[in-house]
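Read-outs: derived from the displayed coordinates by stated rules, not from any lab. The structure presented is a predicted model; accordingly, all values stated were derived computationally and were not measured. Quick reminder, even Gly has a Cβ in these numbers, built from the backbone with ideal geometry, and neighbours come from all protein chains shown.
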Amino acid sequence: MIDAIVKRTVRYRQHSFIRVVRRTLAVIFPLALIGIIAQVLFIVFFSNDGYLYNVLSIGDWVPKVVLTKAQYSLLALS
């Protein structure tokens, strides 16, 4: 039973389409991860509804220019 599963897996991985898809996803994953982290940081720290934005009162002590630049740079990453 295990031999049959191993043989099917090996045959499955030998298909060129599957190899191309795996390589493509391996290249895209770090970029997607960076984008997701940037979105989380934007929502948590720089969004008006963000948790830490309200808890730390970031809008009160961070100049609006710095806040706007940080928002645009994080949105550009995502």
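Remark: spin-label model distance Tyr51-Ala38 equals 2.3 nm, labels positioned 7 Å along the Cα→Cβ axis. Shape analysis of region 2-77 yields a ratio of the Cα radius of gyration to the Kirkwood radius, Rg/Rh, of 1.37.
Helix 64-77 and the long axis of the chain differ in direction by around 10°, with both axes built from C-alpha atoms.
For the chain, the relative contact order is 28 percent, taking Cα pairs closer than 8 Å that sit 6 or more residues apart in sequence and dividing their mean separation by the residue count.
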